[in-house]
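Notes follow once the structure below has been shown.
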Amino acid sequence: MTYQRGILASLPQAARYLSFNALPSADIHTVFAQLCALVDGEQIVLGLGKSLLQRLAINSPKLPNFPSYTHMGIHIPSTPHDLWLWLRGDDRGELLLSSQHLTRLLAPAFVCVDIVEGFCHLGGRDLTGYEDGTENPQGDEAVRAAFVNEPDSVLTGSSFVAVQQWQHSMSTFATYDENEQDNMMGRRRRDNEELDDAPESAHVKRTAQESFSPEAFLLRRSMTWATGVNGGLMFVAFGHSLQAFSQQLRRMVGLEDGISDALFKFTQPTTGAYYWCPPLRDGKIYLPTL
Ligand code: HEM
């Protein structure tokens with residue numbers, strides 16, 4: 001197994017997303033090596049941000065900057081961090097204890113800047129009630145979409161991830177009738193059927209993976225998040241590169257044809273970051289230079 005298995009595995013019942021920034025001038029190498037010894041790729045998925053890659057002198061994966069757009073009244077923020085941990089499990093208490101342990105371990109060199117709790121809503125539905133993940137590639141196609149697969153490359157088995165926290169206004173969503181809501185998604189909530197006559201602004205028309213050139217397949221592993229009365233989707237998508245995601249995002253925003261995604265009528269991203277998820281070798285996180 002050369003990749004972090006949690007990326008390919010089906011969604012857990014519960015999750016935590018932890019973001020960290022490296023402290024200036026701290027000796028990050030020792031602490032980071034201790035973290036890597038704990039990361040199994042399954043219960044804990046690890047992603048490294050661009051500036052951390054630079055500080056660790058890992059030059060191989062070319063991680064682009066997450067784009068920031070302001071277009072047609074839509075704002076897409078770029079909020080990069082150094083380290084991203086996706087803790088996966090079935091028990092919220094265990095995930096809390098794990099976050100406490102990891103935060104303490106990293107404290108000499110990294111400050112924890114964000115923690116979001118995620119969960120699986122109604123067996124994999126967004127808060128709006130729509131099934132999420134239907135058109136994800138499966139089996140070998142999922143492996144091809146999500147992981148770098150270049151013979152003899154140190155990057156083989158690694159993955160690039162786009163992470164965006166979207167905050168829904170459920171009261172705004174409720175002002176639309178069932179037909180209008182289905183047209184925003186381009187699918188019927190009742191039976192998950194794709195609508196043949198969906199408008200061009202429908203989310204699944206904006207993102208139809210086969211409609212891009214080259215085709216833009218992604219492995220989406222998003223989960224619902226909630227804090228107090230706020231909630232939405234923690235959008236998480238893995239790819240062998242970030243090209244598919246960035247093409248889809250541009251089209252959603254309306255940068256391609258002036259038509260923006262109907263999702264923006266009731267939800268917006270409040271964060272946005274790219275990370276590189278290293279491969280495993282002999283069950284351990286493998287970094288080209290450490
Ligand atoms: C609040 C944010 C979002 C929600 C609630 C959402 C929800 C959904 C739903 C319900 C579907 C239809 C079922 C499925 O195939 O999964 C879907 C499809 C899809 N979404 Fe999203 N999505 C969101 C954001 C995004 C973003 C930011 C992207 C990429 C930039 C994206 C990419 C896709 C893709 C690639 C598909 C499958 C399209 C196809 O090939 O048919 N989604 N999404």
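Charges at C-beta only: +1 for Lys and Arg, -1 for Asp and Glu. How large is the resulting dipole of the chain about its Cα centre, in Debye rounded to 20? Don't skip to the end; give the middle numbers.
Working: 23 positive and 33 negative charges, 205 e Å.
Its charge dipole is roughly 980 debye.
Highest first, please rank the peptides 243-253, 33-43 by the mean number of other Cβ atoms sitting within 10 Å of their residues. Numbers along the way, then the final one.
On the way: 243-253: 20.5, 33-43: 16.3.
With the highest mean Cβ count within 10 Å placed first, the list reads 243-253, 33-43.
Relative to the present Cα-Cα distance, how much length would full extension add between residue 23 and residue 215 at 0.36 nm per residue of separation? If you can, show how the numbers build up before the last one.
Details: separation 192, 0.36 × 192 = 69.12 nm, distance 3.97 nm.
Gain on extension, residue 23 to residue 215, equals 65.2 nm.
Between region 7-42 and region 174-250, how many Å separate their Cα centres?
Distance between centres, Cα-based: 28 Å.
How many nm separate the modelled label positions at residue 195 and residue 226, each set 7 Å beyond the Cα in the direction of the Cβ?
Placing both labels 7 Å along Cα→Cβ, they lie 2.7 nm apart.
Give the calculated FRET efficiency between residue 37 and residue 92 to the nearest 0.05, with a Förster radius of 25 Å applied to their Cβ-Cβ distance.
The pair residue 37/residue 92 has a calculated efficiency of 0.50.
Which pairs, out of 50/265; 205/265; 50/284, put more than 24 Å between their alpha-carbon atoms? Walk me through the numbers on the way to the answer.
Values: 50/265 32 Å; 205/265 16 Å; 50/284 21 Å.
Violating the 24 Å limit, Cα to Cα: 50/265.
Which one of 145, 57, 43 is farthest out on the positive end of the charge dipole of the chain, using unit charges on Cβ (Lys, Arg +1; Asp, Glu -1) and the Cα centre as origin?
It is 57, whose Cα lies furthest towards the positive end.
Estimate the FRET efficiency between residue 156 and residue 100 by the formula 1/(1 + (r/R0)^6), using the beta-carbon distance for r and 41 Å for R0, to the nearest 0.05. Spell out each step's value before the answer.
Values: r = 34 Å, r/R0 = 0.83.
Efficiency, from the Cβ-Cβ distance: 0.75.
Place the peptides 211-224, 193-206 in order of packing, highest mean first, counting for every residue the other Cβ atoms within 10 Å and averaging per peptide.
211-224, 193-206
Measure nothing fancy, just the Cα-based angle from helix 28-38's long axis to the longest principal axis of the chain, in degrees from 0 to 90, nearest 10.
The helix 28-38 is inclined about 70 degrees to the chain.
Once fully extended, how much extra length lies between residue 119 and residue 2, figured as 0.36 nm per residue of separation less the alpha-carbon to alpha-carbon distance?
Separation in residues times 0.36 nm, less the Cα-Cα distance, equals 39.4 nm.
Counting only heavy atoms of the protein chains, get the accessible area per residue of region 1-123 (1.4 Å probe) and round it to a whole Å² value.
47 Å²
Which of rounded, prolate or oblate describes the chain when judged by the alpha-carbon gyration tensor and an a/c cut-off of 1.5?
Cα axes put the chain in the prolate bin.
With Cβ to Cβ distances under 13 Å as the rule, what net charge do the other residues near residue 58 carry (K, R +1; D, E -1)? Display every interim value, and only then the final one.
Working: positive: 50, 55, 62; negative: 82.
Here the count lands on +2.
Highest mean first, what order results for 51-63, 11-23 on Cβ atoms within 10 Å?
11-23, 51-63
Let me have the 222 nm mean residue ellipticity of the chain computed from DSSP H runs of 4+ only, each contributing -39500 (n - 2.57), with the sum over all residues rounded to the nearest 500.
-6500 deg cm²/dmol
The values are calculated or read from the model by the stated rules, or taken from the named source; none is laboratory data. Bear in mind the structure is a predicted one, so any value in this text is a computation, not a measurement. With ideal geometry, Cβ positions are generated from the backbone for all residues, glycine too; neighbour counts draw on all protein chains shown. Surface accessibility is based on the protein's heavy atoms, side chains included, excluding ligands, DNA and RNA. Shrake-Rupley method; radii C 1.70, N 1.55, O 1.52, S 1.80 Å.
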